[in-house]
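Participant: The following block contains the structure, expressed as structure tokens.
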Amino acid sequence: MPQRPKLLLVGQLSTLPWVFDAADRAGIDLILVLRGDDTPEAAARAAAVVEVLPLDIDGDQEAALAVLSDRYRREPFGGIMAGNEKVVPFVARAARELGLPGLTDQAAAVVRDKRRMRRLLREAGLGTPGFTVLDDPDGWTDALALRFPVVVKPANGFSSLGVIRVDDKDDLKQAVARTWELVETHLRSADAPAEEAGVLVEEYLDGPEISAESLIHHGKVRVCAISWKGELTGPYFEETTLRAPARLPAEVLAAVEAEVIAAHHAFGLTEGTTHTELRLVGGIRPVLLETGARIGGGGFMHYLVHVSSGIDLAAEALRVHLGLEPLCWSEEPVPTGVAAAYLVPVGTGGRISGVRGLEAVREDPRVDHVVETVGPGALLRPYPDWSGYPAIVLSRHTSDAEAVAYRDHLASTLHVAYEEERS
Ligand code: ADP
Ligand code: CA
């Protein structure tokens, strides 16, 4: 019997099922490197995990690489894949040293840095807003030359943490100081070089937001699905809903695809899977916000792609990282419906006691997944700070209109209860 392929998955949170279930479907065994907030108990319950490898990537990278090489020499595995944004450069380096498929170190560094992405897009003649890179909080005056409104954001953030829209020049100094403070508290590791931190100010792109999930194999890019995120006007940018496929005119979809593919070439992304966010300026002109070299949303973007396009994104991503050609390169998949994601908003924040209304949601036949991402007692910080989503609901529908109606229903029936409210 041929041996099952084995892949080392780094930092994929094991309480989120999509990538693990995909490995199971694809007949791939996983060696899991736990994220700091994951537990061996949760990993033991996840599908397809045959081994947990302790690895301290945040601490000593050289030591982590040595452990990884030892494990590889004992019994080789066929691939290595990043399960979150932060480990992308480490995974690229490990793949190179072990001779496994992966990104170049340079491409991995590019997609971890919004400053580098902006510069490369501009050099490639692709859409990009005016922007200013700040190396210290006092540099904010440099950004006064931009066209307002602007958006202040960390150069290497996630989940809209520290992202603030500023309409008025008088408010810029304070917003930059706030973002800087959040960078120092949450995004900068103690031993990181100063240039790793940093803040970007860019002109506000006025128009709805979309996302594009792609697969890349031997340099060929396929945009698998385009999802609609809708109007997010700020001042903070908490994501609450996504639907796929995005209902857009064919020529706009084609323009999005062309922009995303060109950006992949500009960034040097040659292997793997990506999550790209864009704004449609004036409702029609795609301008990239950022690309991450991983499955978006801790894996839930897989669900939107799978339902709306038929492409088993997570399984295909695992295959690409094993050096195999994606099945959708040779077989045209069939969509099965309209997919929706609803992220219960954090609201005021506080110590969470629970999400009210989820019982009925779990019983709705249209709902495939309800994930409570944080347990009772966890502290959720409100935007522009961020520490976690209370819950995610993934559902399938027969039309976009039905998905919108269900989103409105969820928004009016679900609410986060915080401990303070009970006293
Ligand atoms: P993060 O890594 O925190 O997700 P993003 O660059 O994706 O950083 O910004 C988070 C959100 O802020 C985006 O999804 C978008 O809604 C908003 N945003 C960021 N930059 C801009 C911009 N230039 N114009 C309009 N909205 C923006
Ligand atoms: Ca983003």
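Participant: Checking residue 153 against (1) touching a residue at least 60 places away in the same chain (Cβ under 8 Å); (2) not assigned by TED's automatic domain parsing to the domain that holds residue 15, which single condition isn't satisfied?
Facilitator: Unmet for residue 153, out of (1) touching a residue at least 60 places away in the same chain (Cβ under 8 Å); (2) not assigned by TED's automatic domain parsing to the domain that holds residue 15: (1).
Participant: If I ask for residues that are part of a helix (DSSP H, G or I) and not basic (Lys, Arg), which ones from the stretch 308-324 would you list?
Facilitator: Those that are part of a helix (DSSP H, G or I) and not basic (Lys, Arg): 308, 309, 313, 314, 315, 316, 317, 318, 320, 321.
Participant: Same structure again: (1) touching a residue at least 24 places away in the same chain (Cβ under 8 Å); (2) closer than 23 Å to residue 130 by Cβ; (3) small (Gly, Ala, Ser): which one isn't true of residue 258, the others all being true?
Facilitator: Of everything listed in (1) touching a residue at least 24 places away in the same chain (Cβ under 8 Å); (2) closer than 23 Å to residue 130 by Cβ; (3) small (Gly, Ala, Ser), residue 258 misses just condition (1).
Participant: I'd like the full set of residues that are touching a Leu at 6+ places or on another chain (Cβ under 9 Å) and either within 15 Å of ligand 1 (Cβ to nearest atom) or of a type in the set (Ser, Thr, Tyr) (or both), limited to the stretch 260-279.
Facilitator: Within the stretch 260-279, 260, 263, 267, 270, 273, 274, 276, 277, 278, 279 qualify.
Participant: Taking residue 298 as meeting all but one of (1) touching a helix residue (DSSP H, G or I) at 6+ places or on another chain (Cβ under 7 Å); (2) modelled with pLDDT under 95, write down the number of the exception.
Facilitator: Evaluating residue 298 over (1) touching a helix residue (DSSP H, G or I) at 6+ places or on another chain (Cβ under 7 Å); (2) modelled with pLDDT under 95 leaves (1) as the failure.
Participant: Here's a follow-up. If we scan the stretch 384-391, do we find a residue that is under 28 Å from residue 210 (Cα atoms) and hydrophobic (A, V, I, L, M, F, W, C)?
Facilitator: yes
Participant: So which of 305, 252, 221 ends up being more than 16 Å from ligand 1 (Cβ to nearest atom), crowded, with 24+ Cβ neighbours inside 10 Å and not in a loop (DSSP other than H, G, I, E, B)?
Facilitator: The conditions single out 305.
Participant: In addition: With 165, 147, 178 as the choices, which residue is within 23 Å of the chain's Cα centre (by Cα), basic (Lys, Arg) and at pLDDT 95 or above?
Facilitator: 165
Participant: Please state which of the following conditions residue 292 fails to meet, knowing it meets all the rest: (1) crowded, with 23+ Cβ neighbours inside 10 Å; (2) within 15 Å of ligand 1 (Cβ to nearest atom).
Facilitator: (1)
Participant: Please find, among 346, 320, the residue that is touching a residue at least 12 places away in the same chain (Cβ under 8 Å), β-branched (Val, Ile, Thr) and either within 16 Å of ligand 1 (Cβ to nearest atom) or surrounded by fewer than 19 Cβ atoms within 10 Å (Cβ to Cβ) (or both).
Facilitator: 346
Participant: Please count how many residues of the stretch 116-150 are assigned to a strand (DSSP E or B) and without any contact (Cβ under 8 Å) to a residue 40 or more places away in the chain.
Facilitator: Going through the stretch 116-150 one residue at a time, the tally reaches 0.
Participant: Quick check: is even one residue across the stretch 326-342 in contact (Cβ under 8 Å) with a residue 40 or more places away in the chain, more than 27 Å from residue 400 (Cα to Cα) and in a loop (DSSP other than H, G, I, E, B)?
Facilitator: yes
Participant: Taking the options 215, 200, name whichever one is more than 16 Å from ligand 2 (Cβ to nearest atom), at pLDDT 95 or above and touching a strand residue (DSSP E or B) at 6+ places or on another chain (Cβ under 9 Å).
Facilitator: 215
Participant: If you don't mind, there's one more thing I want to ask. Tell me, which strands (runs of 3 or more DSSP E) lie completely within the stretch 1-115 with 3 or more residues that are surrounded by 21 or more Cβ atoms within 10 Å (Cβ to Cβ)?
Facilitator: 6-10, 29-33, 79-82
Participant: Take the residues of the stretch 151-176 that are assigned to a loop (DSSP other than H, G, I, E, B) and in contact with a Lys or Arg (Cβ under 7 Å, 6 or more places away or on another chain): which is farthest from residue 276 (Cα to Cα)?
Facilitator: 162
Participant: Still on this model: Identify the single condition in (1) within 21 Å of residue 105 (Cβ to Cβ); (2) in contact with a strand residue (DSSP E or B) (Cβ under 6 Å, 6 or more places away or on another chain); (3) within 16 Å of ligand 2 (Cβ to nearest atom) that residue 264 does not satisfy, given that it satisfies every other one.
Facilitator: So residue 264 meets the others, but not (3).
The values are calculated or read from the model by the stated rules, or taken from the named source; none is laboratory data. Since the model is a prediction, treat every value here as computed from it, not as a measurement. Note that each Cβ is placed from the backbone with ideal geometry, even for glycine, and that neighbours are counted across all protein chains shown.
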